[in-house]
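Colleague: Okay, here's the structure, questions in a sec.
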Amino acid sequence: MNQATDEYDVIVLGAGPVGENLADRTRAAGLSTVIVERELVGGECSYWACVPSKSLLRPVLARAEARQVPGLREAVGGSLVAADVFAHRDKHVGNWTDDGALTWLDSAGIDLVRGHGRLVGPRRVAVTPPDGSDGAERTLTARHAVAVCTGTRAALPDMPGIAEARPWTSREATSSATVPERLIIVGGGVVAAEMATAWCGLGSRVTVLVRGSGLLNRIEPFAGELVAETLREAGAEIRTGTSVKGLARPGGVAGPVTVTLESGEQLEADEVLFATGRAPHTADVGLDAVGLEPGGWLKVDETCRVTDVPDGWLYAAGDVNHRALLTHQGKYQARIAGAAIGARARGVERLDTGRWGEYATTADEAAVPQVVFTDPEVAAVGLTAEQAESEGRNIRVVDYDMGQVEGAVLYADGYRGRARMVVDLDRGHLVGVTFVGPGVSELLHSATVAVAGEVPVARLWHAVPSFPTISEIWLRLLETYRG
Ligand SMILES: Cc1cc2nc3c(=O)[nH]c(=O)nc-3n(C[C@H](O)[C@H](O)[C@H](O)COP(=O)(O)OP(=O)(O)OC[C@H]3O[C@@H](n4cnc5c(N)ncnc54)[C@H](O)[C@@H]3O)c2cc1C
Ligand SMILES: NC(=O)c1ccc[n+]([C@@H]2O[C@H](COP(=O)([O-])OP(=O)(O)OC[C@H]3O[C@@H](n4cnc5c(N)ncnc54)[C@H](O)[C@@H]3O)[C@@H](O)[C@H]2O)c1
């Protein structure tokens, strides 16, 4: 393989975490692979999402936890040094350069073509070089498969003044090098909750405008309630049932922004962040050239093969298929799709695509874990009680106050948290678990193993948590379940 080769076994569009992992798996299966990337190798996650957001949040959460440890509390009473937090974030994102990722691509034997890729027919991708480069357009051909891993962008609502007011999206919220004195956040999902935590911790006066009834409405309600309570205690204002109808920034981008609410009330801030969901990068990837509608989420089967395309050569993994907009889940899809492409290229006719089969992304439906890095942390896997009920399952919900667990109380004085497990009574195993409280992120994988492994509740009784750890919440939940 070399850069002059225009025919490969596999072409991957988009070098985010998902594209990288998929390419890695097809290379490991012995297939020549090229990846096409128009921005930075590493994708949204590495430069404007997971990595910078978590590095902004880490000092905020560490300080919040330290303030709950007697003897340490007084030592961490001051403000964060924003310049140091930003410098640490900038280091983690490689100062928005992808040199490290290029070394990895090279070592994995994956070719890279920089530019915007578009399908121009079955198994064919045209690449337009980036602006300012003097290269010519190139057409790549795949012998076996093309995988679209082009991810998402922030979705902004259509409203008067929004384009001129240039609001922050997740990109600016994760890469800003200044702390706005007053920050309005529109939205009540994960980005809104995490960015409210980060910027409030860094010193902004934060107002969150939620059009629904509370934060994090895809997770058990008690989680969003505790996060909102802590944010309010930290000085943020959370306004629920509040919709925005317009924006204006009369003094230009350097001046304050005015947000007009549906009620007619006007609020002023130095910045406004729209954290109102994501839209797929599929409007300009040539879907029309292969008979698909541009602009939508790509519908896939359990191996991430796009349905409705003859001959089964087109795959879509990660955010772009809308199964679960999370890096780890997209990488899981990439491992399975990459292996499926490899097996099909070897001529294997029947892949095990049954539930939990080697080539089935079953966890996307049954056991998606997610940690929200708010204060306190939220960690959840599988179904909420409401989701399980709406699926018609016969369930029992078990709740426990984590402030009653000795390991938790030792971890943080005045520990506030709650746990819930949802038991499917007909199947005898857990279908969902949610924790909210300091330090629960590292507890989540135990729940993921229980849900994905469909471990019988009776056997969980023999999985003994160490004393005195927060994990003893498991024992308390099981004792409550058994009565
Ligand atoms: C603020 C924020 C924080 C987040 N935090 C977390 C977290 O803590 N944990 C977590 O699991 N998830 C988190 N997520 C979600 C996570 O970022 C995504 O699930 C993940 O990035 C999806 O990976 P991907 O490879 O599918 O897409 P992306 O990371 O979006 O990568 C897609 C790549 O494709 C490229 N591309 C697009 N179109 C083309 C084209 N036509 N030609 C060539 N290249 C193209 C893009 O430039 C990009 O590099 C967060 C998201 C946001 C917004
Ligand atoms: N720690 C993590 O795992 C993490 C962190 C950040 C983001 N993510 C992922 O990124 C994805 C995107 O996050 P997000 O928070 O942008 O999306 P989201 O879908 O989680 O939340 C969007 C929010 O915006 C609101 N909204 C939508 N349109 C609106 C409008 N016109 N006016 C007012 N409110 C509006 C919705 O009601 C919702 O509260 C999520 O699916 C999430 O899984 C994950």
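The values are calculated or read from the model by the stated rules, or taken from the named source; none is laboratory data. What you see is a predicted model; the values in this text were computed from it and never measured. As a convention, Cβ positions derive from the backbone with ideal geometry for all residues, glycine included, and neighbour counts pool all protein chains shown.
Colleague: Mind checking which strands (runs of 3 or more DSSP E) fall wholly inside segment 359-468 and carry at least 1 residues that are under 24 Å from Leu326 (Cβ atoms) and within 16 Å of ligand 1 (Cβ to nearest atom)?
Modeller: Answer list for segment 359-468: 369-372, 378-382.
Colleague: Return the only residue of Leu425, Leu477 being surrounded by fewer than 20 Cβ atoms within 10 Å (Cβ to Cβ) and at pLDDT 95 or above. If you could, list the steps in order and put the result at the bottom.
Modeller: Details: Leu477 fails: surrounded by fewer than 20 Cβ atoms within 10 Å (Cβ to Cβ).
Every option except Leu425 fails the conditions.
Colleague: Here is a follow-up. Just for segment 48-72: of the residues that are small (Gly, Ala, Ser) and within 11 Å of ligand 1 (Cβ to nearest atom), which one is farthest from Cys200 (Cα to Cα)?
Modeller: So the residue we want is Ala49.
Colleague: Okay, next question. Any idea how many residues of segment 207-247 are in a strand (DSSP E or B) and within 16 Å of ligand 1 (Cβ to nearest atom)?
Modeller: Here the count works out to 1.
Colleague: Next up: Any residue in segment 108-124 that is assigned to a strand (DSSP E or B) and either at pLDDT below 95 or over 19 Å from Ala23 (Cβ atoms) (or both)?
Modeller: yes
Colleague: Run down Ala147, Ala82, Ala108, Ala142 and say which single residue is more than 16 Å from ligand 2 (Cβ to nearest atom), closer than 30 Å to Leu247 by Cα and touching a residue at least 40 places away in the same chain (Cβ under 8 Å).
Modeller: Ala82
Colleague: Another question about this same structure. Name the single residue, out of those in segment 127-156 being more than 16 Å from ligand 1 (Cβ to nearest atom) and at pLDDT 95 or above, that is surrounded by the most Cβ atoms within 10 Å (Cβ to Cβ).
Modeller: Residue satisfying both the conditions and the ranking: Ala145.
Colleague: Away from ligand 2 (no atom under 16 Å from the Cβ), charged (D, E, K, R), over 17 Å from Thr230 (Cβ atoms) and buried (at least 20 other Cβ atoms within 10 Å of the Cβ): does that describe Glu44?
Modeller: In short, no.
Colleague: Of all residues in segment 469-483, how many are under 15 Å from Val440 (Cα atoms) and either assigned to a loop (DSSP other than H, G, I, E, B) or small (Gly, Ala, Ser) (or both)?
Modeller: Matching residues across segment 469-483 total 2.
Colleague: Next question, about the same structure. Any idea how many residues of segment 314-341 are surrounded by 21 or more Cβ atoms within 10 Å (Cβ to Cβ) and either among the acidic types (Asp, Glu) or away from ligand 1 (no atom under 12 Å from the Cβ) (or both)?
Modeller: Matching residues across segment 314-341 total 7.
Colleague: Note down all Cβ pairs under 6 Å where the first residue falls in segment 184-199 and is on the phi > 0 side of the Ramachandran plot, the second is within 6 Å of ligand 2 (Cβ to nearest atom) and modelled with pLDDT of 95 or more, and they're at least six residues apart or on different chains.
Modeller: Matching pairs, first to second residue: Gly187/Ala275; Gly187/Thr276.
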